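Student: Pasting in a structure now, in structure tokens, and then I'll have a few things to ask.
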Amino acid sequence: MNKGEETEDPAYDTRVTQDRTAIGRVLIACALLAVAALVLDTCGRLSRKYSDGHVVRRIERPWDAFSVWRDSGVQGRTLFYFDRRFRIEPIAQESIEHAFAAKGPVPDLTERNFLFLAMNTRMLRAVYHVVPEKYWQEVKEKLFRYSHVLYDGRSFRLTEDGVPIIVTTSRALPVSGEPALVFLNTAYRDDYDDAVQAFLDDTKRTDIVLLWNGTRED
Amino acid sequence: MERDTGRLNILLILGALFLAAFLVRFYNIGAVTVRAGDEGPHIPSASNYVERGYFGPDAWYHPPLKHFIHYLGLRVFGNNPYGWRMMNVVLGSATVVMTLLFLRENLPLKKAPYFSAGLLLLDPLHVFFSRSTVEEVPFAFFITAAAYFMFRGIRRRGEIWWLLCGVSWGCAFALKWYALGIAAMAVLLALAVEIKRRGWSGMSLPVTYGLVVPAVIYMSAYIPWFLNGHSIAEWFRMHQDALREMRNVNLERFGPTQMLFFSRIAGASRWFVQPVSAGFEMMRSGERAAYVFIMNNLPVWIWVLPSLCAVFVVSLKKRWTEGLFIVAAFSALYVPLLAVQRPIFLYSSLPLLPFAFSGLGYCLERYCRQWSVPLFIAFMLWSAFLYPLTTGIRIPLAVYGPIVERLTVINR
């Protein structure tokens, strides 16, 4: 058949139509997959909620952080937690549902479970536990005992119910494209280097900085 | 007219089968009024995930569709034993019906589909878990449904069957990752058939509905998680974390009683060749007692592997694609469970049962001929005899004592 000449073969026409339908079907399906991924990514990023301005506050008890975050309306955030130790324990299901449904004090909220509650009520999606350099060796020895903890040479990665917890030092602070929440136990402030102070003061990298006058556990 | 009567008859049979399976699974379902076993973490995780995108307290590394299923049950039936368990009652009963539909479509025999569906209807393990919240029950439903819709799509060439097939594969994958093996095998089979029939343009249906649509469904199951501020890059990273976490599951994570219980039902290689059981005594008063056992049904299950071997040989000799699919589907689900390093428990055998009993039903009719019906009835009577042991019904120890003695009672 010469180029440009029209065919009168019905089988050929059917095959061409079938091919076009097949290509169209695959293209539409792939477009659907790409759109689904794009929509989920965009919805995820848009559901992050930040504070209106840069806030530095002192809190009396560690778990007051939960009320500050809740009152500021933050959601889907990354927390940088500066302290020697990091404690996380579950809180009763009733407290979670109460905290999610109503404002006001949350029953049984303590130093050990306020981060768990914040993860469970959409506030936190990742936590960086920044350990003072002088305690890093001790933390490393402890975390190397667990087979499910991943070490990349600079930091450890573990999870709490799927929420990533990255244990690191100020030397390996990640560069984040979004402002972070900060919790600092001021008892260890002098153990962190100048990079941390610069990080705390940087209004583009942090929005709510909470300072707790804790005690040292040396 | 004759065709309409035939269609009515099959609808009546399917309805009766669903009703029978439902009654067997529903009876006495509210007797245990506290959350038992996995119901403890499953129920709070349903609202935690659907309302707040949080995976805990259930094992977070499993795909999240089960939370939607549990949540639907809670919304429809309330936060009570019915709300916790009804979704599995319904989907477990639907699996029996779907098994019949799948085999009517694919077996060249008349009685075999009914034998297979009947064996599943009264199987003690399937009955037990259809009265709980474990995700293997909906998983078994979705893979059987996907296989049925796929063959329907290949034969009838209707796009709606392919769409249903894609949605079912997506749901199966959003319940358990080990759907990947059977789905990949099914897509390859569909590709081979469609390319042979239509040339390269035949690839579009299996690619669209075997790969792309399931991927969209799978990703959509993570919507509540994305709404916690996560990006697509974090989604891929979360999957790496989940795989690492899953590889590190071991029995030492459980408490002493749980450890004893799970150690008795661990080991996929034992399922079809050894008795496997673990259970609890619920009450004992004089000569009567009540138990709940998780157990295989060895007098029936022991015939599964020889039957599937027979189906495999027949399939090769006669170039019977559907027979090969049954064996391959069983193997695609079973072999990864045999190979994996972490402990695998008896309830993971649930998705195998529709395919296991397909082979058994086929061999009953094909090789046992005039003995097929009496043997089937004997299997059913034995399964019915075991029914009280999986449902907490009081039993006379004079009759059941010798069997109970051979089973593992954790709190004896």
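Student: Scan region B:36-82 residue by residue and report those that are farther than 20 Å from A:Ala101 by Cα, surrounded by fewer than 22 Cβ atoms within 10 Å (Cβ to Cβ) and among the small types (Gly, Ala, Ser).
Tutor: Those that are farther than 20 Å from A:Ala101 by Cα, surrounded by fewer than 22 Cβ atoms within 10 Å (Cβ to Cβ) and among the small types (Gly, Ala, Ser): B:Ala36, B:Gly37, B:Gly40, B:Ala59.
Student: Need pairs with beta-carbon distance below 6 Å; first residue touching a residue at least 40 places away in the same chain (Cβ under 8 Å) and at the interface with chain A (Cβ under 7 Å from one of its Cβ atoms) and within region B:223-242, second surrounded by fewer than 19 Cβ atoms within 10 Å (Cβ to Cβ) and in a loop (DSSP other than H, G, I, E, B); sequence gap 6+ or separate chains.
Tutor: Close Cβ pairs satisfying both conditions: B:Leu227/A:Ser47.
Student: Out of curiosity, is B:Arg104 in contact with a helix residue (DSSP H, G or I) (Cβ under 9 Å, 6 or more places away or on another chain), under 16 Å from B:Ile29 (Cβ atoms) and basic (Lys, Arg)?
Tutor: No.
Student: Could you identify the single residue in B:Asp58, B:Asp4 that is at pLDDT below 95 and within 14 Å of chain A (Cβ to nearest Cβ)?
Tutor: None of the others qualify; the one that does is B:Asp58.
Student: Something else now. Search region A:47-58 for residues that are touching a residue at least 12 places away in the same chain (Cβ under 8 Å) and away from chain B (no Cβ under 14 Å) and pair each with any residue that is of a type in the set (Ser, Thr, Tyr) and exposed (fewer than 15 other Cβ atoms within 10 Å of the Cβ) when their beta-carbon atoms are under 9 Å apart and the residues are at least 6 apart or on different chains.
Tutor: Every condition considered, the pairs that remain are A:Gly53/A:Thr203; A:His54/A:Thr203; A:Arg58/A:Thr186.
Student: Being of a type in the set (Lys, Arg), closer than 20 Å to B:Phe129 by Cα, outside any strand (DSSP E or B) and out of contact with any Cys (no Cβ under 6 Å at 6 or more places or on another chain), is that true of even one residue in region B:401-411?
Tutor: No, there is no match, as no residue in region B:401-411 is of a type in the set (Lys, Arg), closer than 20 Å to B:Phe129 by Cα, outside any strand (DSSP E or B) and out of contact with any Cys (no Cβ under 6 Å at 6 or more places or on another chain).
Student: Moving on. Would you mind finding the one in B:Gly279, B:Gly323 that is touching a Gly at 6+ places or on another chain (Cβ under 9 Å) and either surrounded by 19 or more Cβ atoms within 10 Å (Cβ to Cβ) or of a type in the set (Ser, Thr, Tyr) (or both)?
Tutor: When all the criteria are applied, what remains is B:Gly323.
Student: Report, by residue number, each residue of region B:225-241 that is surrounded by 22 or more Cβ atoms within 10 Å (Cβ to Cβ) and small (Gly, Ala, Ser).
Tutor: Matches in region B:225-241: B:Gly229 only.
Student: Quick check on region A:80-102: of everything there that is out of contact with any helix residue (DSSP H, G or I) (no Cβ under 9 Å at 6 or more places or on another chain) and assigned to a helix (DSSP H, G or I), which residue is surrounded by the fewest Cβ atoms within 10 Å (Cβ to Cβ)?
Tutor: For region A:80-102, the residue satisfying everything is A:Ala101.
Student: Looking at region B:340-374, which of its residues are of a type in the set (S, T, N, Q) and in a helix (DSSP H, G or I)?
Tutor: B:Ser348, B:Ser349, B:Ser358, B:Gln370, B:Ser372
Student: When only residues in region B:186-217 that are in contact with a Pro (Cβ under 7 Å, 6 or more places away or on another chain) and not β-branched (Val, Ile, Thr) count, which is nearest to B:Leu65 (Cα to Cα)?
Tutor: Residue satisfying both the conditions and the ranking: B:Ala190.
Student: Taking the stated definitions as given, is B:Ala174 within 14 Å of another protein chain (Cβ to nearest Cβ), in contact with a Gly (Cβ under 8 Å, 6 or more places away or on another chain) and touching a residue at least 40 places away in the same chain (Cβ under 8 Å)?
Tutor: no
Student: Within region A:190-218, which residues are buried (at least 19 other Cβ atoms within 10 Å of the Cβ) and part of a strand (DSSP E or B)?
Tutor: Answer for region A:190-218, where residues must be buried (at least 19 other Cβ atoms within 10 Å of the Cβ) and part of a strand (DSSP E or B): A:Thr206, A:Asp207, A:Ile208, A:Val209, A:Leu210, A:Trp212.
Student: Let me ask another. If A:Gly177 satisfies all but one of (1) within 14 Å of chain B (Cβ to nearest Cβ); (2) surrounded by 12 or more Cβ atoms within 10 Å (Cβ to Cβ), what's the number of the condition it fails?
Tutor: So A:Gly177 meets the others, but not (2).
Student: While we're looking at this one, here's another question. Is there any pair with a first residue in region B:98-116 that is within 13 Å of B:Phe149 (Cα to Cα) and touching a residue at least 12 places away in the same chain (Cβ under 8 Å) and a second that is of a type in the set (Lys, Arg) and buried (at least 19 other Cβ atoms within 10 Å of the Cβ) whose Cβ atoms are under 9 Å apart and which are 6 or more apart or on different chains, and what are they?
Tutor: Cβ pairs passing all conditions: B:Leu101/B:Arg152; B:Glu105/B:Arg152.
Student: Just to verify a result, which residue in region B:192-208, among those that are at the interface with chain A (Cβ under 8 Å from one of its Cβ atoms) and of a type in the set (Gly, Ala, Ser), is nearest to B:Trp162 (Cα to Cα)?
Tutor: This residue is B:Ser204.
Student: Turning to a different aspect of this structure: State which residue is nearest to the other protein chains (Cβ to nearest Cβ) when the search covers only region A:135-161 and only residues that are over 19 Å from the mean Cα position of the chain (by Cα) and in contact (Cβ under 8 Å) with a residue 24 or more places away in the chain.
Tutor: Among residues in region A:135-161 that are over 19 Å from the mean Cα position of the chain (by Cα) and in contact (Cβ under 8 Å) with a residue 24 or more places away in the chain, the one nearest to the other protein chains (Cβ to nearest Cβ) is A:Leu143.
Student: For region A:79-104, name all the residues that are within 11 Å of chain B (Cβ to nearest Cβ) and touching a Phe, Trp or Tyr at 6+ places or on another chain (Cβ under 9 Å). Let's see the steps before the verdict.
Tutor: Step one: of region A:79-104, the residues within 11 Å of chain B (Cβ to nearest Cβ) are A:90-94, A:96-97, A:99-101.
Of everything in region A:79-104, those that are within 11 Å of chain B (Cβ to nearest Cβ) and touching a Phe, Trp or Tyr at 6+ places or on another chain (Cβ under 9 Å) turn out to be A:Pro90, A:Ile91, A:Ile96, A:Ala99.
The values are calculated or read from the model by the stated rules, or taken from the named source; none is laboratory data. Computed from a prediction, not measured in an experiment: that's the story for all the values here. A quick note on method: Cβ atoms are made from the backbone with ideal geometry, for glycine too, and the neighbour counts reach across all protein chains shown.
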